[in-house]
Amino acid sequence: MFDVAIIGAGVVGCAVARRFALLGAKVVLMESGADILSGASKANSAILHTGFDAPSNSVEWQLIQAGRAEYLAIHEKLNLPLIQTGALVCAWSEEEASKLEQIHAAGLHNGVTDLARLSAAQARTLQPGLSSRLCAALAVPGEAIIDPWSAPLAYVTQAIKLGATVMRNSEVLRGEFAGNTWSLQTGTQTVEARALINCAGLYGDEVDRRLGLPVAFQIKPRKGQFVVLDKAAARHVRSIILPVPTETTKGVVVCPTVFGNVLIGPTAEEQDARQRATVEQDTLAGLIRRGAEILPALQGMPVTAVYAGLRPATEQKAYRIFSRPAQRAITLGGIRSTGLSAALGLAQHAVTLYQQFESEPFSPPVDIPWFAMPNLAEGYERDWQRPNHGEMVCHCELVTKREIALSMTSPLPPGDFGGLRRRTRAGMGRCQGFYCNATLAAMTQGKLAVDLAVTAKGEQ
């Protein structure tokens with residue numbers, strides 16, 4: 001019998017598992033995919049937001065700021081990177097420039113007090129090379145970039161070290177609540193828990209339906225396509241370059257990454273499918289053109305990769321958070337593009353909601369395990385820079401054989417090839433695995449959901 005069952009191992013589910021494990025709860029984290037971060041959390045822009053542009057006095061605003069504050073407090077203890085790039089909200093027309101004053105005022109109201117209105121010339125001192133079409137900008141010094149995959153892996157690893165159970169390939173098909181106990185049925189087993197928290201992202205509404213809970217929102221998947229430029233582009237991008245947002249999206253961002261690349265994206269495209277996120281040539285070409293319009297130096301830069309992700313948008317802009325004390329259930333739904341920033345705040349909020357229907361405290365652990373996550377960010381020491389690192393497997397991203405081996409024997413080894421890439425960056429460079437996939441296949445044979453190796457007959 002578990003104290004708390006958490007459904008969905010995206011960044012929010014991983015953070016919630018950690019928070020309850022820190023309290024001393026017996027936690028189970030259930031994920032339908034072969035690995036954590038298999039849904040919406042695997043594709044985002046990796047920005048740690050300040051909340052300057054969040055709806056004032058909203059739950060989202062409060063949780064972004066709470067989540068950011070906790071990340072800043074713990075990232076060094078877990079060896080998680082933080083690069084303070086700052087951001088510029090750029091106005092490319094007089095109409096957009098007229099909106100900066102309102103955004104500035106809202107940011108001050110949100111407690112982000114270091115914002116500054118800039119002329120185009122002043123903005124170029126912070127981000128040289130901005131197009132001559134720039135009219136004005138708003139500086140947001142507190143915006144930063146982080147590793148979007150190592151952070152949730154650190155959260156769930158800490159939960160595991162505190163005794164949490166992680167069940168992958170465990171889709172919850174139905175659930176029943178009787179007395180004070182939930183009985184959750186997967187394809188192979190039954191899990192019992194005294195409370196549950198739905199963090200199922202793109203399937204948040206569907207999981208509520210399967211559990212017999214009121215379905216109070218509808219997921220409307222919103223696709224975002226991204227282009228990843230080669231690391232040669234990074235020398236031209238110092239800051240996160242944001243557009244003036246619209247009612248539906250924060251818009252296309254030009255953004256450095258902690259891995260030394262440059263992202264352009266995302267788009268915001270409504271669709272019905274919850275799993276399939278395709279990329280379209282014309283849209284990608286448009287993103288590349290848009291990047292060069294903003295920063296002309298990006299013209300002609302090689303593209304390393306393209307991808308698309310799905311955000312769990314709903315019929316409303318606000319987070320869809322529901323507590324059902326009578327059923328001892330909480331739903332954290334509709335967590336869109338700010339989920340990475342707000343995850344730790346959402347976990348704190350889940351505890352507050354839980355304590356409204358459970359007054360009996362847990363027994364917190366005497367010792368909290370802190371540990372250093374393997375670093376994948378440039379600007380921090382990588383394994384290849386250390387003595388006796390041994391054979392190099394991925395020469396594009398400078399990944400050692402030792403890093404791959406450590407990942408495969410870690411407390412939560414990758415469940416699929418995507419998970420291995422997110423844990424090590426192997427195969428994510430210029431050649432996209434052309435030169436290292438054979439070695440990776442040999443090292444991981446029989447250990448992933450689907451082997452990477454392909455026979456001469458094309459069989460996996």
Partner aspartates and glutamates whose C-alpha sits under 16 Å from that of residue 317, ignoring same-chain residues fewer than 8 away, are 53, 60, 205, 247, 269, 270
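Report for the chain the percent antiparallel among DSSP-assigned beta bridges with both residues inside it, nearest 5.
Values: 47 of 66 bridges.
Here the antiparallel bridges make up roughly 70 percent for the chain.
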Between residue 272 and residue 113, the two model label points (7 Å from Cα along the beta-carbon direction) sit apart by a distance in nm of 5.2
For residue 1 the rounded accessible area (nearest 10 Å², probe 1.4 Å, non-protein molecules ignored) is 90
In whole percent, the fraction of accessible protein surface over the stretch 170-308 that belongs to carbon or sulfur atoms, probe radius 1.4 Å, stands at 48
With all protein chains in place and a 1.4 Å probe, residue 210 shows an accessible area in Å² (nearest 10) of 60
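Restricting everything to alpha-carbon atoms, can you work out Rg to Rh for the stretch 337-385 with a Kirkwood hydrodynamic radius? Before the final figure, lay out each step's value.
Details: Rg = 17.3 Å, Rh = 14.8 Å.
Reported Rg/Rh (Cα atoms, Kirkwood Rh): 1.17.
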Calculated from DSSP helices alone, with each H run of at least 4 adding -39500 (n - 2.57) and the total divided by the residues of the chain, [θ]222 nm to the nearest 500 comes to -8500 deg cm²/dmol
Under a 1.4 Å probe, counting only protein heavy atoms, residue 170 has an accessible area in Å², nearest 10, of 10
From most to least accessible, 1.4 Å probe, no ligand or DNA/RNA atoms counted, 358, 381 line up as 381, 358
Unit-weight point scatterers at every alpha-carbon of the stretch 383-444, Debye formula, q = 0.17, 0.24 1/Å: log10 I(q)/I(0) is -0.49, -0.99
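Take each complete run of DSSP H in the chain, measure how far its Cα atoms stretch along the helix's own axis, and keep only those covering 18 Å or more with mean Kyte-Doolittle hydropathy at least 0.0; list them. If you can, show how the numbers build up before the last one.
Details: long enough: 11-23 (19 Å, 1.65); 59-74 (22 Å, 0.32); 94-109 (24 Å, -0.72); 281-294 (20 Å, -0.06); 339-354 (22 Å, 1.02).
Taking the DSSP H segments of the chain (at least 18 Å long, mean hydropathy at least 0.0), we get 11-23, 59-74, 339-354.
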Output for the stretch 364-429: chymotrypsin sites (Phe, Trp or Tyr not before Pro) sitting in coil per DSSP, at most 14 other Cβ within 10 Å, listed by number, reads 370, 371
Out of 221, 376, 134 - ranked by how far each Cα lies towards the positive end of the dipole of the chain, with unit charges on the beta-carbon of charged residues - the top one is 376
On the formula 1/(1 + (r/R0)^6), with r taken between the Cβ atoms of residue 238 and residue 360 and R0 of 51 Å, the FRET efficiency rounded to 0.05 is 0.50
With +1 at each Lys and Arg Cβ and -1 at each Asp and Glu Cβ, the charge dipole magnitude of the chain around its Cα centre, to the nearest 20 debye, comes out at 460
From the cross-link list 26/447; 220/250; 77/401, the entries with a Cα-Cα span beyond 21 Å are 26/447; 77/401
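With a 1.4 Å probe and every protein chain kept in, tell me what percent of the accessible surface of the stretch 383-444 is carbon plus sulfur.
On the stretch 383-444, the fraction of accessible area on carbon and sulfur atoms equals 58 percent.
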The simple spin-label model distance between residue 279 and residue 293, using points 7 Å out along Cα→Cβ, in nm, is 2.1
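Please list 293, 247 in order of solvent-accessible area, largest first, computed with a 1.4 Å probe with all protein chains present.
Numbers: 293 90, 247 150 Å².
Reading off the accessible areas and sorting them downward yields 247, 293.
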Measuring from its Cα centre, the stretch 244-388 shows a charge dipole (+1 at each Lys and Arg Cβ, -1 at each Asp and Glu Cβ) which, in debye to the nearest 20, is 140
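Give the accessible surface of the chain per residue, rounded to a whole number of Å², with probe radius 1.4 Å and ligands, DNA and RNA excluded. Could the numbers behind the result be given before it?
Values: 19240 Å² over 460 residues.
Value returned for the chain: 42 Å² of accessible area per residue.
The values are calculated or read from the model by the stated rules, or taken from the named source; none is laboratory data. Predicted, not measured: the structure shown is a model, and the values here were computed from it. Every residue, glycine among them, receives a Cβ derived from its backbone with ideal geometry; neighbour counts consider all protein chains shown. Areas reflect the complete protein model, heavy atoms only, side chains present, ligands, DNA and RNA absent. Shrake-Rupley method; radii C 1.70, N 1.55, O 1.52, S 1.80 Å.
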